[in-house]
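See structure below.
The values are calculated or read from the model by the stated rules, or taken from the named source; none is laboratory data. It should be emphasised that the depicted structure is a prediction, and the values quoted were computed from it without experimental measurement. Cβ atoms come from the backbone with ideal geometry, glycine included; neighbour counts cover every protein chain shown.
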Amino acid sequence: MNYKYSITKGYPFRQNRVIVAIAFMRDNLINDLVHMAYDNAGIGDICVVAAKDPDVNCNIAYNKIIELTADQSQYVCFIGDDCLPQPGYIKHALDTMATLPDGWGVVALNEGQGIDRPSHILADRKVIPLLGGELLHSAYNHNCGDIEIKERMSAIGRYAFSEKAMVIHNHPIFTGVPTDEVYDKSTSSNNKADQKLLRSRRVSGWPTINIKDYR
């Protein structure tokens, strides 16, 4: 699979407090989104990095960005290309992060409905070893990796929802925007396979993966 940094805003080769990772499939949305993600962060010490993934497996694309920026930030935030980050979304997420034990863990962002849904998160990189070496399990096609994160981090008291950290999820289900090929593919039979994998991993105690099997 071919990955490339298609666009960045900020300074990707220096130490930042937060790397905002965007896995995108829609070329027409990414330029505006990168600028919005940077300008609305509410802090200055960030870099936004976007990678295109033609196969609609955002988990692998997110993990690739996280891996390639491993020594460049304490925190990583991931959002989709159909999000609209609102003013202060990173600042508010960091404020919530500070309420967790020792100030680290995973914070779910508010997608606009005020519901605790971990589709878009801010995470301290300390959680990655606890999850077996990847923030999002690469075996998931598109869905359910975020549910695994929530369940595993909640179990050890390192998960929180930030109502103020707003990233409007501009999705057909939530805002009524027209569906497209990306949405159709992500909700196809792959979704059933992801749900089956989640159930299997939950029952078996979240086994560690061999990352190379999914690269």
I need the full set of residues from region 91-120 which are aliphatic (A, V, I, L, M) and closer than 16 Å to GLY157 by Cα, in order please. MET97, ALA98, LEU100, VAL106, VAL107, ALA108
Being over 15 Å from PRO207 (Cβ atoms) and touching a Cys at 6+ places or on another chain (Cβ under 9 Å) is the filter; apply it to region 133-160 and report the residue that is surrounded by the most Cβ atoms within 10 Å (Cβ to Cβ). LEU136
Filter region 14-36 down to residues that are free of Cβ contacts under 8 Å to residues at least 40 places away in the same chain and more than 15 Å from the chain's Cα centre (by Cα) and give me whichever is nearest to VAL107 (Cα to Cα). HIS35
Go through (1) modelled with pLDDT under 85; (2) touching a Cys at 6+ places or on another chain (Cβ under 9 Å) one by one and return the number of the condition ASN57 breaks. (2)
Take TYR62 and tell me if it is touching a residue at least 40 places away in the same chain (Cβ under 8 Å), part of a helix (DSSP H, G or I), among the hydroxyl-bearing types (Ser, Thr, Tyr) and over 19 Å from GLU163 (Cα atoms). yes
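Name every residue in region 67-93 that is among the aliphatic types (A, V, I, L, M) and in contact with a His (Cβ under 9 Å, 6 or more places away or on another chain), in order of residue number. Please lay out each step first, then the result.
So in region 67-93, the residues among the aliphatic types (A, V, I, L, M) come out as 68, 70, 76, 79, 84, 90, 93.
Matches in region 67-93: ILE79, LEU84.
Provide a single number: the residues in region 92-111 that are charged (D, E, K, R) and buried (at least 19 other Cβ atoms within 10 Å of the Cβ).
Matching residues across region 92-111 total 1.
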